[in-house]
Structure formats: structure tokens, C-alpha cells
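Structure first, then comments.
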Amino acid sequence: MNIDNKIRDIRSLSPEELTAEIAALGEKPFRAKQLFQWMHEKLADGFDEMTNLPKGLREKLRETYDYTHLEAVERKISALDGTEKYLFRLSDGNVIESVLMRYHHGNSVCISSQAGCRMGCRFCASTIGGLTRNLLPSEMLDQIYQIQKITGERVSNVVVMGTGEPLDNYENLLRFLRLLTGEHGLHISQRNVTVSTCGIVEKIRALAEEELQITLALSLHASSQEKRRQLMPVANRYELSDVLDACRYYFDRTGRRITFEYSLVGGVNDTAQDAKELAGLIGGMNCHVNLIPVNPVKERNFVQPDRGAVLAFQRKLEQYGVNATIRREMGRDIAGACGQLWKGYIEAGSDRST
């Protein structure tokens with residue numbers, strides 16, 4: 001992470017880096033621990049809230065550092081299942097989205113890793129406008145922090161599966177993961193964190209070397225290289241065989257079962273032949289397939305399969321010995337699919353300005 005000499009993203013610093021910065025300001029080391037607690041345990045929105053820090057230190061911090069704080073501009077709560085969807089405004093005016101989902105095992109938050117996305121997956125609303133910029137580690141963290149503060153409820157599971165390709169923001173992602181799962185702060189178990197990728201091979205292999213215990217979720221979405229190219233432009237860069245080899249390498253290095261995300265598109269990738277080919281691709285791997293009936297996006301002509309076709313696809317996979325579940329649809333009445341609420345907000349803003 002590049003840190004400017006004048007304005008530094010203090011909420012993205014590790015405890016060790018923070019100690020060094022505090023020492024450079026001429027302060028005692030224990031002030032770094034207090035500051036870290038305010039930022040990552042007490043979830044302060046700014047230096048002024050840090051009442052046990054001397055006023056002079058708070059003034060020095062304001063002069064020297066930038067303090068990330070996301071502004072919630074919209075909150076929608078599903079009448080169907082209580083899922084909550086948030087739009088947060090960044091300091092530069094960009095808007096990102098996050099989702100809170102409540103399960104019997106705890107609260108899960110799905111966060112964005114980029115403002116926009118350049119991967120171009122054809123069934124995803126997030127990528128229509130392209131990539132604006134990467135999110136800082138602190139901007140990823142503060143999505144979780146703000147949701148905890150707004151709801152008063154603890155988050156126990158985190159999914160990096162919102163807007164953006166996490167491995168396209170690799171260094172910031174790693175810093176975010178270490179802050180999120182470190183012994184201080186929220187201290188969320190690495191085993192309760194999932195990172196999704198459309199299949200950037202070299203980054204999957206690099207992540208395998210990081211000695212993390214997070215779950216890797218691959219957006220697969222097709223049973224062949226040819227069909228994957230139709231749905232996902234990233235397939236023009238990476239052969240499916242190389243992507244799956246990288247997933248096997250991740251399992252070998254970490255022992256963590258791979259999740260394959262498979263969006264079912266009616267008449268495109270939901271046939272019995274697709275199920276057979278998919279089982280042939282991943283058979284023998286320690287994996288799980290998460291079947292996702294695609295959410296219609298008005299700019300695309302994709303349709304959701306009917307319930308019978310989805311169940312038939314699942315049964316076929318299980319007949320071939322592949323573990324598969326159907327993702328429970330959550331927040332459908334509040335534009336629950338990735339990018340939909342953000343896109344609606346942007347379009348409404350454009351309408352208001354004309």
C-alpha cells in the first residue's frame with residue numbers, strides 16, 4: 001500500500017506500523033494501542049471521538065493522517081427475510097454497496113472490494129460501468145464496522161463477493177484480511193471469511209502461499225472453456241484447466257475445501273449435459289458447488305431457470321458424486337443481487353440531475 005507523505009490512510013496500518021508512526025510523532029508506544037482500539041474495536045468515526053488521547057495528539061493526527069469513514073446514504077431492509085442492503089459513499093463521492101444477511105449460525109456481511117469492476121461478467125450488474133478504482137483496506141473494513149454500528153449486532157462471517165474482483169485488488173485485500181482476522185480488532189476467524197474470484201490464476205496461486213485459512217470461492221458459471229468465454233471475458237485470458245489446477249493447488253496448500261459458484265442461466269448453462277460436463281471437470285476435487293439462479297439484469301437477455309430445472313441440475317450433480325446446494329435467495333425485494341441497488345442509485349441520480 002502506497003502511503004502519501006502528507007495524507008496517510010491510518011486505518012489501514014497494521015499494529016506494528018501504527019506503533020512506528022506514533023513513535024515518529026514523539027509519542028509513547030501505548031498511544032498506538034489506544035489508537036488501534038479506537039479504530040478497530042470501538043469503531044470510532046474520527047479522531048474527535050478518541051477521548052483518552054491528549055488533545056495535542058489528536059490535532060497532530062488530524063494534520064498528518066486521513067481517517068476513512070464511510071457515509072451510509074441508503075439502507076433497505078427486506079420484508080421477506082430481513083436481509084439489509086447498504087449503499088455507502090466514499091470520501092471521493094464514489095458509492096459502493098454491502099449486504100447484511102442473517103443466518104442461524106450468525107450474521108454474514110458481503111462487502112465490495114472495488115468501486116466498479118473491469119471483469120465484464122455478462123450476468124453481473126456491477127461490471128456494466130467498468131472499474132473506477134480499488135478500495136483501500138480501511139474502506140473494506142469500514143463497510144463491516146458501519147453495519148455493526150447501525151444494527152448494533154456483531155458480524156461473525158465476511159464474504160468478499162460484492163462489487164469488484166478481490167484478486168484484482170490483491171495487496172489491499174491481503175492487508176484487509178490480516179486486519180480483520182488479527183488478534184486485535186474484530187478478530188473474525190479466518191475460517192469464517194470467504195474470498196470470491198472469477199479466476200485470476202497467478203493470484204490464486206499467490207493467495208495459496210499466504211498461509212491463510214480463508215475459503216476460496218471460484219466463480220465458475222460454465223462447464224466448458226467455450227461456454228465460459230460467452231459469459232466471462234476473463235476466460236479469454238485464462239484456460240479453464242489452468243484455473244482449476246490453481247484451485248487444486250490452493251486446496252493442497254491450505255486444506256480448505258473449494259467452493260464453486262455456478263450461476264444458472266436459463267437455456268444457456270442449465271442442461272443435463274452441462275451438469276455432466278461440470279461433474280467431469282471437478283469430480284474428485286474436495287469441493288462444493290453453490291448453484292445460483294441468475295438474477296435478471298435488464299441490460300442482458302439472460303433469464304432465470306424455473307425451479308424444476310434448478311432442482312434437476314442439482315440432482316444430476318449429486319448423481320455424479322458432486323456435492324451441490326442451491327443458494328437461498330435473499331433480499332430479492334430490495335435489489336439483492338450484486339450491483340443492482342448501486343446501479344439503481346446511480347441511474348436515479350442521473351435522472352435527478354437532468
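I'd like to know which of N269, S12, P29 lies farthest towards the positive end of the charge dipole of the chain, counting +1 on Cβ of Lys and Arg and -1 on Cβ of Asp and Glu.
N269
If you put +1 on each Lys and Arg Cβ and -1 on each Asp and Glu Cβ, how big is the dipole of the chain around its Cα centre, in Debye rounded to 20?
500
Output ³J(HN,Hα) for region 195-203: one whole-Hz value per residue in order, computed from phi by the Karplus curve 6.51 cos²θ - 1.76 cosθ + 1.60 with θ = phi - 60°, and x for Gly and Pro.
Listing the rounded values in order: 10, 9, 8, 7, x, 8, 4, 5, 6 Hz.
Put +1 on the Cβ of each Lys and Arg and -1 on the Cβ of each Asp and Glu in region 38-190; which of N169, Y67, G129 then has its Cα farthest toward the positive end of the dipole?
Working it through, the farthest residue towards the positive pole turns out to be G129.
Positive end of the charge dipole of region 71-353 (Lys, Arg +1 and Asp, Glu -1 on Cβ, about the Cα centre): tell me which of G308, A206, M232 has its Cα farthest that way.
G308
Which part of region 9-52 falls in the paramagnetic zone of E71, meaning amide N under 18 Å from the point 7 Å along Cα-to-beta-carbon?
Once the point is set 7 Å along Cα→Cβ of E71, 45-48 turn out to lie under 18 Å by backbone N, inside region 9-52.
Here are labelled values, (i) 29, 56, 14, 1; (ii) 29, 49, 21, 1; (iii) 22, 44, 21, 7, 4, 1, and one is the computed P(r) over Cα pairs in 20 Å bins from 0, in percent for what I pasted. Which one?
Here P(r) over Cα pairs in 20 Å bins from 0, in percent agrees with entry (i).
What is the calculated FRET efficiency for A206 to K55, with r their C-beta to C-beta distance and R₀ = 51 Å, to the nearest 0.05? Don't jump to the answer; show the numbers that get you there.
Details: r = 44 Å, r/R0 = 0.86.
About 0.70, to the nearest 0.05.
Could you order peptides 114-123, 321-330, 64-73 by the average number of other Cβ atoms within 10 Å of their residues, highest first?
Averaged packing, sorted descending, gives the order 114-123, 64-73, 321-330.
If the only charges are +1 at each Lys and Arg Cβ and -1 at each Asp and Glu Cβ, what is the size of the charge dipole of region 8-66 around the Cα centre, to the nearest 20 debye? Could the numbers behind the result be given before it?
Values: 10 positive and 12 negative charges, 49 e Å.
Its charge dipole is roughly 240 debye.
Using a 7 Å offset from Cα along Cα-Cβ at R307, what residues in region 255-295 end up with backbone N under 15 Å from the label point?
Label zone hits: 293.
Whose amide H sits under 5 Å from the amide H of S196, counting only residues 5 or more places off or on another chain, with H placed in the peptide plane?
Counting only residues 5 or more places away or on other chains, the set is V160, A217.
Could you work out the helix-only [θ] at 222 nm for the chain, with each DSSP H run of four or more residues adding -39,500 (n - 2.57) and the total divided by the number of residues, to the nearest 500 deg cm²/dmol? Don't skip to the answer; put the middle values down first.
Values: 11 runs with 126 residues, N = 354.
Value at 222 nm, helices only, nearest 500: -11000 deg cm²/dmol.
Take the chain, connect every pair of alpha-carbon atoms lying under 10 Å apart with a spring to form a Gaussian network, then pick out the residue of E97, E63, E202 with the largest mean-square fluctuation.
Evaluated over the chain, the most mobile residue of the options is E63.
Which of rounded, prolate or oblate describes region 8-66 when judged by the alpha-carbon gyration tensor and an a/c cut-off of 1.5?
Cα axes put region 8-66 in the rounded bin.
With angles folded into 0 to 90 degrees, how steeply does helix 272-282 sit against the dominant principal axis of the chain? Use alpha carbons for both and round to 10.
Approximately 50 degrees, to the nearest 10.
Can you compute the label reach from I128? Point 7 Å from Cα along the Cβ direction, backbone N cut-off under 17 Å, restricted to region 247-284.
Hits in region 247-284 for I128 at 17 Å: none.
Taking a cut-off of 19 Å between Cα atoms, list the aspartates and glutamates near K316, but don't count ones fewer than 8 places away on the same chain.
Qualifying aspartates and glutamates at Cα under 19 Å: E261, D270, D274, E277, D306.
None of the figures in this text is laboratory data; all of them are computed from the coordinates on show. Owing to the predicted nature of the structure, the values given are computational and were not obtained by experimental measurement. So basically every Cβ, Gly included, is an ideal-geometry build from the backbone, and we count neighbours across all protein chains shown.
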